[in-house]
Amino acid sequence: MKGTNQPSKIAFVIGASSVGTLIEWYDFYIFGMLATILSKQFFPSDAGTAALLSTLAIFAAGFIVRPFGALVFGRLGDLIGRKHTFLLTLIIMGGSTFAIGLVPGYKTIGWLAPILVLILRLLQGLALGGEYGGAATYVAEHAPEGQRGFWTSWIQTTATLGLFLALGVIILIRSNQGVEKFSAEWGGWRYPFWVSILLVGVSVLIRMRMSESPMFTKLKSEGKTSANPLKESFGNKANFKMVLLALFGAVMGQGVVWYTGQFYAQSFIETVCKIDFIQSRNIMLVAILMATPCFVLFGWLSDKFGRKWIMLLGMFLAIVTYRPIYKEFLNITSASNKTQGIDTSATKVGPLMPLLDTKDKHKMYIKQVIDTVYLDGSVFKYTITDTLIGFNDLDVNSSINSMNPMLVKYKSIKPNVVVEKTMGSSASWNLIWLVFIQIVYVTMVYGPIAAFLVEMFPTKIRYTSMSLPYHIGNGVFGGLVPFLGTLIVEFTKSSNNPKGDVLAGLWYPIGVAAVCLIIGTIYLSNKIDKDVMD
């Protein structure tokens, strides 16, 4: 049975499937977009990097359970159908996301806060584990013969567009509220989570109008559906071999390229290059908007020339250019490399503001803000803070009130400089192009992957068989990129090099993509399966 050739019907199938999948990606990714704020809300305020790492670990937990969601919902999809299964995953995802926005912060309920968020994050991961395989399978089984790569590539755009939507909503709310109000315990950062319930409601209404996949309907009417999809998918030696080949020869590399190009890039620009919150997200928004059509382009090209070499070329380009790209991030945003010079007429040096600690008379806090403006329009804002302890030579332990004022001395015990950069137009566009290049790699590996996976497995166990390698490759190998990348950099820090090797985190995605490239080159076939009704 071939897919439908009616343009209006396939357009509705694409639209209905894509809207729901886009919303699920939006729900899943707003957590990562707000990681720095969530780390301060759901963990002790003085936890520092440990809080960020813990938040990234909770973020990663949602990825790690995605394969379990693939097993649970993949089995349901092969037993009861594609439509009802990914309708259920949408409701679970939307409810979990909305609930995250209702969890009180650490200051209110203590360690119960991160525990509740972790549970809800796990539910998100389970739901997404069942969503993608259902949507990709549903679209592929409707697609006309010879156009499967083109039509399924529209589903592939939803992950990036979901990220785009998440960024847009966050920027809109934060711009209207300002930093302090947005970051407060019950501030605007919660609104993107609450908005989810409205988006999910609209999508559920649309999906209820969808009919079942024609291939699954035919299979069910003939009584040929699988009685035990899990056993047939993974107990059958030949099929299990294809599952492993899909994972290690394609999806593993695709996963790390996706999350490096879109998540690690944003994290690096914000936390390492110190680009302002709004500008870092605007850079991502523009780059994503420019690159998104390439998903459809490479999906279409895969119908003409096969899936394999397009995906492997994207991995190869990522492997050889990631480190040069991220080095260029550092060069563009480094004050020492700015040749335009400082605009002395616009540069502002704020007053030094000392404040005596009312609880501990020994301590004094100081703060100074310096705005260094460059001739290219870039502004580097330095917020210098320090904690000083007072003493005199006669009695170090005496209180500051009993000291002879003429003998009081202060020594620094906690100096700190926070840098926030807003780049000028030229530098900003250079950053956008560097992110754009990475997202083009994403479109090369991700655009053809749905059609590639659908064609590897038989209809009666397709939902289960393709979902597991996809979500291990993306959820585990890909989803761990931000966490492991940050952790690897932490391991390179020492007393002699407190910042560590900021590029060391790239070795993880480069290494995984390289292994995948070798396996895929040797073992994958470039042949397109024109008839997937088998």
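Which one is modelled with the lowest pLDDT, of the residues in the range 413-422 that are over 14 Å from S334 (Cα atoms) and either in contact with a Leu (Cβ under 6 Å, 6 or more places away or on another chain) or among the hydrophobic types (A, V, I, L, M, F, W, C) (or both)? Checking each candidate, the answer is I413. Is at least one residue of the range 128-150 hydrophobic (A, V, I, L, M, F, W, C), in a loop (DSSP other than H, G, I, E, B) and crowded, with 22+ Cβ neighbours inside 10 Å? Yes, the range 128-150 contains a residue that is hydrophobic (A, V, I, L, M, F, W, C), in a loop (DSSP other than H, G, I, E, B) and crowded, with 22+ Cβ neighbours inside 10 Å.
Inside the range 299-338, residues that are over 15 Å from I269 (Cα atoms) and of a type in the set (S, T, Y) make up a count of 3.
Where in the range 274-378 are there helices (runs of 4 or more DSSP H), lying fully within it, with 1 or more residues that are of a type in the set (F, W, Y) and more than 22 Å from the chain's Cα centre (by Cα)? The qualifying helices (runs of 4 or more DSSP H) are 293-305, 308-333. For the range 332-346, the set of residues classified as farther than 15 Å from S426 by Cβ and among the β-branched types (V, I, T) consists of I342, T344, listed by residue number.
For every residue, the table says whether it meets (1) polar (S, T, N, Q); (2) surrounded by 11 or more Cβ atoms within 10 Å (Cβ to Cβ); (3) touching a Lys or Arg at 6+ places or on another chain (Cβ under 7 Å).
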residue	(1), (2), (3)
T321	yes, yes, no
Y326	no, yes, no
T333	yes, yes, yes
T339	yes, no, no
T344	yes, no, no
V349	no, yes, no
L356	no, yes, no
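Out of M466, M456, one residue alone is modelled with pLDDT under 90, over 24 Å from L285 (Cβ atoms) and buried (at least 24 other Cβ atoms within 10 Å of the Cβ). It is M466.
In the range 18-44, what residues are touching a Lys or Arg at 6+ places or on another chain (Cβ under 8 Å) and at pLDDT below 75? The one that is touching a Lys or Arg at 6+ places or on another chain (Cβ under 8 Å) and at pLDDT below 75: G20.
The values are calculated or read from the model by the stated rules, or taken from the named source; none is laboratory data. Values in this document were obtained by computation on a predicted structure and should not be read as measured data. For neighbour counting, all protein chains shown are included, and Cβ atoms are generated from backbone atoms with ideal geometry for every residue, glycine included.
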